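Everything below concerns the one structure shown next.
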Amino acid sequence: MSKKFVTIGLLTVLGMISTGAVHAATVGAVSAVVDVGGSSSGPISATYDQSGLSSNYVSGVTDFDAFVTTTTHSSYWATEWWADVGQTAVTVTYDFGQLRQINKMALWNEDYSGIHSLDISISQDGLNFLTLLSGLSPTNHERVGDYAADIFNFETTEFRYIRLAGSGCPQSASPGSIWQYNDNACAIGEVVFNQVPLPGAGFLLIGSLGGLGLAARRRRGRAKATE
């Protein structure tokens, strides 16, 4: 390995760190299962495929805070997931496809039939779940049209599966209103997460390149000694 190659590699990694390429970023699930609630309209994939968002993110790249604070979700029903009519409590499990370190979740709580109370649990194997947060109260958007996200923070935790248990739906329906009867179900707009990079990830890359450079110098030294 040449000194030039090592130098270029070090500069590349330092550039990644300085530009934020090795940083916390937005990620979404790769699949999901409705454990309780069924589906009356819109597939559950509508809650992680970005179809109703006013802007899109690049998984593992887009800054989470900047994205979720400026992005709204459409109130168009086909870009949301709706449970079966009459289901006022639901449970949905999302799968990242691999272990990830997460410390924030953004939920776009549907404006007609949003979740009133939310519990969150997590798992590494999809079988054993631990409670992460409970008794959360997502925003009641009161049928405002396009709606913003709620952000829930927690300690950085490594998991593959995250389960949302919502109840008290529909949140925004007033007793006796037409919405109470037509939209008597739970609904979700979108869910995204903030992935935290492994501690010192960039510096581990630097260390690896430095180690390769040292090995190359030793090989050159041995070659000269045998000449």
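Assorted remarks:
- Filtered residues of the range 45-103 (kept if aromatic (Phe, Trp, Tyr) and buried (at least 17 other Cβ atoms within 10 Å of the Cβ)): 48, 57, 64, 67, 77, 81, 82, 94, 96
- Qualifying residues in the range 165-200 (those that are of a type in the set (S, T, N, Q) and more than 28 Å from the chain's Cα centre (by Cα)) - the one modelled with the highest pLDDT: 182
- Listed by first and then second residue, the pairs linking a residue in the range 130-156 that is at positive phi to a residue that is of a type in the set (D, E, K, R) and surrounded by 18 or more Cβ atoms within 10 Å (Cβ to Cβ), with Cβ atoms under 8 Å apart and 6 or more places separating them unless they lie on different chains, are 142/111; 143/111; 145/111.
- Every residue from the range 35-44 that is in contact with a helix residue (DSSP H, G or I) (Cβ under 8 Å, 6 or more places away or on another chain) and either assigned to a loop (DSSP other than H, G, I, E, B) or surrounded by 18 or more Cβ atoms within 10 Å (Cβ to Cβ) (or both): 42
- From the list 47, 93, 131, the one residue that fits, being under 15 Å from residue 190 (Cβ atoms), among the hydroxyl-bearing types (Ser, Thr, Tyr), at pLDDT 95 or above and out of contact with any His (no Cβ under 8 Å at 6 or more places or on another chain), is 47.
- Count - residues of the range 96-114 that are over 14 Å from the mean Cα position of the chain (by Cα) and at pLDDT 95 or above: 1
- Of all residues in the range 75-89, those being among the small types (Gly, Ala, Ser) and in a strand (DSSP E or B) number 1.
The values are calculated or read from the model by the stated rules, or taken from the named source; none is laboratory data. All of these numbers come straight from a predicted model, not from anything done at the bench. We place every Cβ from the backbone using ideal geometry, glycine too, and count neighbours over all the protein chains shown.
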